[in-house]
Structures are given as C-alpha cells and as structure tokens.
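In what follows, a single structure is set out as structure tokens and then discussed.
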Amino acid sequence: MASNTKDGITIRIMTQEDYKNVKAFMKDDFFSSEPLCQSSGETVHLQNEKDNDEYHLSMIAQGTCLVALDENSDGRLVGFVLAGAQYPEDIEKHRIEAEAIEKHAWGRICVLLSKIEREANLFERFGISKVLYSQITSVDASMRGKGLGSRLAATLMDVGRSKGFPAMVAYCTSFFSARQKEALGMQCIHSLTYADYKDDQGRPIFTPAAPNTMARVMAIKL
C-alpha cells in the first residue's frame, strides 16, 4: 500500500522501527482513554508487557498495521492501528492465554474479549477461514473529531482487501469507537452489556463511565 496524505496527515504501513513511538503513544493516549483500562485504576500498560510487545511486533511483521503522521509537525505520530490475521484455532488459544493472566485488569479485559469472540462465532457465521482483526486504534487527543480514526479504519479495510482477507472485525469497548465503525458500514454482530457481566459475588467486573455501556463485536465483509 502506498502512503496517502490528506490535510497534512499521512497514513502508511507501520514498520518495526515505528513501534517504540507507537508503544509510548499507547501509554499516553490509548491506555488512559480506553474505557475499561481507564476505569480499572491500574497501570494497565505495564501488565503482560512482554507478551503484548511480541504480539504487536508479530502483527507489524504482517504489514497490516498503520501509523498516521502529522507532516506539519515534523512527522509527529498522531494515530495508529494495530491489526493482524486471526484464524479459527486462535479462539481457543486466546481463551487459555486470557485465563492465565486474569489476576490483573488487562487479563480481565482479555477474558471478556475472549468471551465475546467465542459468542460472536465469526468464522462459522461468515463461513470464512481467516479474518483481519483490528485490535487497537488510537488517535491523539488533539486530532479527535476530525475523521482521522475513520480514515485509519477505511485504510485498514483497503489493506485487508489487498491481502485477500474476506472480512474485518473489531471488538469495540467504547461507544465512540463502535459508532465510528458503524459509520463505515461495519455491523454489530454481538454485544455484551457491562452491567450484566459480573463476578462470583454478583458485582459488575467493569464499570466504565457512560455512554460506554457495552462491548460490541463489529464486522464487515471486505
């Protein structure tokens, strides 16, 4: 994919050399604003860090991740997408991995995502054997509301088509990310309301601020 520039913002494929800046951006922007991380009160960016780094670098190596750079500010990173291929056998792998780290907030988030992944049953629902999974999309606070998140998602769809993916999926824990994906034609194929997702004592495990009331599985055929 050739890079594309609009209003001084260039979107291109992420390289491994970009990851240092992307990781710092995640700490300052994504983990502080993602509803489940934000409401946990824990230093989520430090949890399962080594494995997360390895996973993210493996996705970057697939050529399916994107960065957005502000050409008017010396190429400053203002947004990114981490995405990669998923296959049916990954579903059970994710469940096992999530349950092994359930002791902290990131692990509990992974358990929830694994649950909705299994319940969405995407591979059987669409009759496909692989899917492009958009894991994390983050946009700098100064750029929000300007359509950059939508540009990143639309560009990722183009990347998915060029690489032969039949569908793209995103697990949206935020009301705003789900609304953005819906505007691009993605459909909610499964959802889980946070108030109904409880621990053994009957207490909700996640209590993010409104309007973030549920996690949604958003998908689109490419």
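Data overview
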item	result
Tally of residues being under 24 Å from SER129 (Cβ atoms), open to solvent by less than 60 Å² (accessible area, probe 1.4 Å) and in a strand (DSSP E or B) across region 154-208	8
Boolean, ILE91 is assigned to a helix (DSSP H, G or I) and open to solvent by less than 60 Å² (accessible area, probe 1.4 Å)	yes
Residue satisfying all of: in region 14-27; closer than 20 Å to ASP140 by Cβ and more than 16 Å from the chain's Cα centre (by Cα); least open to solvent (accessible area, probe 1.4 Å) among these	ASP18
Complete set of residues in region 1-41 that are touching a Phe, Trp or Tyr at 6+ places or on another chain (Cβ under 7 Å) and not aromatic (Phe, Trp, Tyr)	MET14, VAL22, LEU36, CYS37, SER39
Yes/no for GLU42 being surrounded by 19 or more Cβ atoms within 10 Å (Cβ to Cβ) and acidic (Asp, Glu)	no
Wholly enclosed strands (runs of 3 or more DSSP E) of region 1-81 bearing at least 2 residues in contact with a Lys or Arg (Cβ under 7 Å, 6 or more places away or on another chain)	66-70
Residue in region 93-108 that is closer than 29 Å to ARG12 by Cβ and under 13 Å from the mean Cα position of the chain (by Cα) present	no
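The values are calculated or read from the model by the stated rules, or taken from the named source; none is laboratory data. All of these numbers come straight from a predicted model, not from anything done at the bench. All Cβ positions, glycine included, derive from the backbone under ideal geometry; neighbour counts span all protein chains shown. Remember, those area values only see protein heavy atoms, side chains included, never the ligands or the DNA or RNA. Shrake-Rupley method; radii C 1.70, N 1.55, O 1.52, S 1.80 Å.
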